[in-house]
1. Suppose every K and R has +1 on its Cβ and every D and E has -1 on its Cβ; what is the size of the dipole of the chain about the Cα centre, in Debye to the nearest 20?
2. Counting helices only, and only those DSSP H runs with n ≥ 4, report the 222 nm mean residue ellipticity of the chain as the sum of -39,500 (n - 2.57) divided by its residues, in deg cm²/dmol to the nearest 500.
3. When ranked by the protection proxy of mean other Cβ atoms within 10 Å per residue, highest first, what sequence do the peptides 49-55, 12-18 form?
4. Please report the carbon-and-sulfur percent of the accessible area for the chain; probe 1.4 Å, protein heavy atoms only, DNA, RNA and ligands left out.
5. Output the 0 to 90 degree angle, nearest 10, between the alpha-carbon long axis of helix 2-41 and the longest principal axis computed from the alpha carbons of the chain.
6. What are the equivalent ellipsoid semi-axes of the chain, built from the alpha-carbon gyration tensor (square roots of five times its eigenvalues), in whole angstrom, biggest first?
7. Could you state the angle between the C-alpha long axis of helix 44-59 and the longest principal axis of the C-alpha atoms of the chain, as a value from 0 to 90 degrees rounded to the nearest 10?
8. With an 8 Å cut-off on Cα pairs and a minimum separation of 6 or more residues, tell me the relative contact order of the chain in percent.
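The values are calculated or read from the model by the stated rules, or taken from the named source; none is laboratory data. Note that the structure is predicted; figures quoted are calculated from it, not measured. Positions of Cβ are generated from backbone atoms using ideal geometry, with glycine treated the same way; all protein chains shown enter the neighbour counts. Each accessible area value is taken on the protein alone, full model and side chains, heavy atoms only, with ligands, DNA and RNA left out. Shrake-Rupley method; radii C 1.70, N 1.55, O 1.52, S 1.80 Å.
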Amino acid sequence: MNKLLAPAADTFVLAVEQFLRWRYGVPGLAALALLVIGIKARNQTCSAIGAVALALMVSRPAL
């Protein structure tokens, strides 16, 4: 099951990365990198900063 799920997860991550690069540029990629690194390193502070940065960038047009 893990062998089937890994390519799908990789494809999803690449699609999100391309969308962030197109829509939000370098700050979006930096926030995504913080989020991913925090999750992989199990560092809650790093992942929280990345998640908050992404949330602020996504909600900025609504404010």
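1. In debye, rounded to 20, the chain gives about 40.
2. Per the formula, -32000 deg cm²/dmol.
3. On the way: 49-55: 16.1, 12-18: 11.6.
Highest-to-lowest ranking by the protection proxy: 49-55, 12-18.
4. Values: 3520 of 5000 Å².
Whole-percent figure for carbon plus sulfur exposure: 70.
5. Tilt of helix 2-41: around 20 degrees.
6. Values: eigenvalues 98, 51, 16 Å².
Those come to 22, 16, 9 Å.
7. Here the helix axis deviates by roughly 60 degrees.
8. Numbers: 41 pairs, mean separation 14.7, N = 63.
Result for the chain is 23 percent.
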